[in-house]
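The values are calculated or read from the model by the stated rules, or taken from the named source; none is laboratory data. Just so we're clear, the structure is a prediction, and the values are computed from it rather than from any experiment. For neighbour counting, all protein chains shown are included, and Cβ atoms are generated from backbone atoms with ideal geometry for every residue, glycine included. All accessible areas refer to the heavy atoms of the entire protein, side chains included, with ligands and DNA or RNA removed. Shrake-Rupley method; radii C 1.70, N 1.55, O 1.52, S 1.80 Å.
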Amino acid sequence: MENVIELKDVGFSYRDSEGNLHPALSNINLSFEKGSYTAILGHNGSGKSTLAKLLNLVITSEDGKIDGSVKVFGKELNGQLTEDEEYEIRRRVGMVHQNPDDQIVATTVEEDVAFGPENLGVEPAEIRKTVDEAIAAVGMTGYEKFAPHRLSGGQKQRVAVAGVLAMHPECIIFDESTAMLDPEGREAVLKTIDELHRSGNVTVITITHYMNEATDADRVVVLNHGEVFMNGTPEEIFTQVDKLRSVSLGVPQVTELFYRLKKEGVYSGELPLHTKDGAAALSNLVKNKRG
Ligand SMILES: Nc1ncnc2c1ncn2[C@@H]1O[C@H](COP(=O)(O)OP(=O)(O)O)[C@@H](O)[C@H]1O
Ligand SMILES: [Mg+2]
């Protein structure tokens, strides 16, 4: 499979106004395959947003010192890029932020979603189609003429997601995009992520505090103090309960439950990550006890 992102020995230090450097990332070696779905975890300040921002040029060498090689769609970002090349990277790598208010720019939903494609110089007729599709994809059809500031937080975030979708990016990074949402809004954003991933063409990177969201990914990367602390399948990562705890991270509730049962010697099977697997394991446990 083709890698759309390749990071080799990447480091990043923020430069303050006095010119002093503050390290935020070091020794990062990671690659992201086309169409893959990766969840990035780590406590506050572990470097998740810094890593995400390096990938679509929100952070450049103007903001600090980049070490190593940051290759995105074959382009080396740690070096001189032409304006066209920068534009191209920003178009191909979309990002949805934590707070939709940081992302919404226009006074109606449809104008907001059209903003990106308009800037790309897409034909008006094509823009209409793209905007309608993007709004439909996040379940906001019927709200085209609404003012974004009158929508709920969840609806606003869905509009922000539609704005990114309308650019047809090949990679989308969600940086704690569900953190401020009500359950319904969260469900809608997660459904969009799932559909993007299923389409097979879009590479998805999601940064989240919700362990239940990370279990749906193909791979989980745990950052700690700006370094890769763990990198594996959800099964490999979430069954290491003590190791995650050592960096202040938890596991899905159902995993925690079976981890405790195992410690008590009541359960000896594999730790489930999903509720349905937990239910099946519990059912077996009860049946065996009866029998
Ligand atoms: N604009 C900035 N200037 C200076 N330091 C920053 C800036 N943004 C983040 N940092 C620092 O970089 C480190 C990583 O932050 P960040 O990438 O935001 O972590 P996370 O997203 O995992 O919470 C932290 O120590 C943070 O204080
Ligand atoms: Mg962050």
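Summary table
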{"read-out": "Potential lengthening between Arg91 and Glu76 on full extension [0.36 nm per residue; Cα-Cα distance subtracted]", "value": "3.8 nm"}
{"read-out": "0 to 90° range, to nearest 10: angle between helix 183-199 axis and the chain longest Cα axis", "value": "80"}
{"read-out": "Summed side-chain charge close to Lys34 - residues other than Lys34 whose Cβ falls under 11 Å, Lys, Arg +1, Asp, Glu -1", "value": "-3"}
{"read-out": "Highest-fluctuation residue, Leu41, Leu21, Leu181 considered, GNM on the chain with Cα pairs under 10 Å", "value": "Leu21"}
{"read-out": "Neighbourhood charge, 10 Å Cβ-Cβ cut-off, centred on Arg92 and excluding it, Lys, Arg +1 and Asp, Glu -1", "value": "+1"}
{"read-out": "Cα→Cβ-extended label distance, 7 Å offset, between Leu285 and Glu33, nm", "value": "3.4"}
{"read-out": "Centre separation in Å (Cα based) which lies between region 240-266 and region 104-166", "value": "41"}
{"read-out": "Which listed pairs, of Lys191/Lys243; Lys71/Lys243; Lys156/Lys276; Lys191/Lys287; Lys53/Lys156; Lys34/Lys145, have C-alpha distances above 25 Å, in listed order", "value": "Lys191/Lys243; Lys71/Lys243; Lys156/Lys276; Lys191/Lys287; Lys34/Lys145"}
{"read-out": "Estimated D of region 101-219 in µm² per second, where Rh is the Kirkwood radius over Cα pairs and Stokes-Einstein applies at 37 °C, 0.692 mPa s", "value": "227"}
{"read-out": "The chain: relative contact order in percent, alpha carbon pairs under 8 Å with at least 6 residues between", "value": "21"}
{"read-out": "Contact order normalised by residue count of region 252-291, Cα under 8 Å, 6+ apart, percent", "value": "40"}
{"read-out": "Within a Gaussian network of the chain (alpha carbon springs, distance under 10 Å), most fluctuating of Val164, Val70, Val122", "value": "Val122"}
{"read-out": "Carbon and sulfur %, accessible surface of the chain computed with the full protein complex present, 1.4 Å", "value": "47"}
{"read-out": "Top of Glu110, Glu123, Glu236 by mean-square fluctuation, Gaussian network on the chain, Cα under 10 Å", "value": "Glu123"}
{"read-out": "Region 252-291: projected area of the alpha-carbon convex hull, averaged over directions, in nm²", "value": "2.5"}
{"read-out": "With 5 Å bins from 0: P(r) over the chain, alpha-carbon pairs, percent", "value": "1, 5, 11, 14, 16, 15, 13, 10, 7, 4, 2, 1, 1, 0, 0"}
{"read-out": "Cut-off 17 Å, label 7 Å out along Cα→Cβ of Thr233, residues of region 241-275 by amide N", "value": "241, 270-275"}
